[in-house]
Amino acid sequence: MHQQIADRLTAWQAQQLRDLPWRRDPAGARDAYAVWVSEVMAQQTRLSVVEAYFNRWMERFPTLEALANADQQEVLKLWEGLGYYSRARNLHRAAQVIASELGGQLPRTRAELLSLPGIGEYTAGAILSLAFGHHEPVLDGNAKRVISRLWDIEARIDLRSTEVRLWRLSRKMVEAASAPGAMNEGLMELGALVCRRSRPLCDSCPVQSHCLAHERGVQEKRPVRAPAQKVPHVEFVAAIIWEDVPGQSRMLISQRPEKGLLGGLWSFPNGAREYDEEKLQACLRRAVRESLGVSVAVGERVATVEHAFTHFRMTLTAFHARISAGEPQAVGAADWCWTSLDEIGKLPCPVPDRKIIAALRDLAKESQEET
């Protein structure tokens, strides 16, 4: 059965694979660096979004050496908006390790790949099979769904025992494949295009005759997921701290610590509301003091923006502010600096802050039109 499934997935891949930039190689072989970058970018991100980022990335960092020699801030700026910024930091760190310790070439063994920052079991399997033709399994979300349906796995997919079983089945298929990279790609592509999460296109599936879930009519009930958890909502406040009068001088921004959410990015000093009764202005004064060691006088509201992260939703309200006491210092922040509205766009900033920057530019434009 594993052999038949592998053969059909390989044949289907040859006919149905989408044309994407990291799959275009005139020599017919996949570039390991391009495979690595594309697979990391595709984690938790739609391929329609990844394509433009990949093209810009390869234009600026066409080789592993170019990435290793880059400044981290430039790397983060190029990643801006793609989310999960630890992926970019790990790509950069791993490239530096490869360049300095491994002769500038991506390793060709699972153990060596797994020793690098940010490379886990899935990414290692993708690099080894797609770039080097090794019989190594992959298991992304799409592959998990296909395998869960093929074998009608009734156990919850988030359980460790289920994960182990899925990896075992994936390995049996790829070991039976004549072209392991093509089979793995076919497996993942089938999950993306045909064996979809809802309303799977079973009549177009090349392995329908082997699918136990389809045979039993439970394909839309597989994989079995844990009950959905309510996504928490958190209120944040941010300070647009002006060196002079609002809109006419420089603003103070801080760099987030590398470890943690949005590490290494630059943002307006901010903090989360700790309890419902805490006034936003009081919350802002506390957050700025904890981050930069200064007291601020809070002015008018600038904008309120909404943004959704993976594990929570946020409402961010930004206020004009001025320092009323103290000198800025990196207390809870990694660093800080003064910048102008024209210059801030050169720094890597989170999406919520970019929304605030857009609001500030709109206000500046309106002010110019009035004068």
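List of remarks:
- Charged-residue dipole, Cβ positions (Lys, Arg, Asp, Glu), the range 9-142 about Cα centre, Debye nearest 20: 180
- Fraction of accessible area attributable to carbon and sulfur, the range 212-371 (%, probe 1.4 Å): 47
- Solvent-accessible area, 1.4 Å probe, carbon plus sulfur percent, for the range 147-194: 51
- Dipole of the range 159-299 [Lys/Arg +1, Asp/Glu -1 at C-beta], most positive-end residue of W242, H214, Q229: H214
- Using the Karplus relation 6.51 cos²θ - 1.76 cosθ + 1.60 with θ = phi - 60°, the per-residue 3J(HN,Hα) values for the range 280-286 come to 4, 5, 5, 4, 5, 4, 5 Hz, with x marking Gly and Pro.
- Structure-derived Rg and Dmax of the Cα atoms in Å - corresponding label in [x] 22.2, 71; [y] 24.5, 76; [z] 23.1, 73: [y]
- Accessible surface of the range 1-82 [probe 1.4 Å, protein heavy atoms]: carbon and sulfur percent: 46
- Using only side-chain charges placed at the Cβ, +1 for Lys and Arg and -1 for Asp and Glu, the dipole size of the chain relative to its Cα centre rounds to 1240 debye.
- Relative to the Cα centre, the charge distribution of the range 177-264, modelled as +1 at Lys and Arg Cβ and -1 at Asp and Glu Cβ, gives a dipole magnitude of about 420 debye.
- Degrees separating the helix 47-60 axis from the principal Cα axis of the chain, which is the longest one: 70
- Protein-only accessible surface order, largest first, of V164, V234 at 1.4 Å: V164, V234
- Exposure ranking of H233, H2 by accessible area [1.4 Å probe, largest first]: H233, H2
- Packing around the peptides 330-338, 183-191, taken as the average count of other Cβ atoms within 10 Å per residue, puts them in this order, highest first: 183-191, 330-338.
- The chain, helix-only ellipticity at 222 nm - DSSP H runs n ≥ 4, -39,500 (n - 2.57), divided by all residues, nearest 500: -13000 deg cm²/dmol
- Solvent-accessible area per residue for the chain (1.4 angstrom probe, square angstrom): 49
- Cα shape, the range 41-82, gyration tensor, a/c 1.5 rule: prolate
- The separation of the range 149-195 from the range 45-61, counted between C-alpha centres, amounts to 26 Å.
The values are calculated or read from the model by the stated rules, or taken from the named source; none is laboratory data. Values in this document were obtained by computation on a predicted structure and should not be read as measured data. FYI the Cβ positions are ideal-geometry reconstructions off the backbone, even for glycines, and counts take in every protein chain you see. Just so you know, the surface numbers come from the protein's heavy atoms only, side chains and all, with ligands and any DNA or RNA stripped out. Shrake-Rupley method; radii C 1.70, N 1.55, O 1.52, S 1.80 Å.
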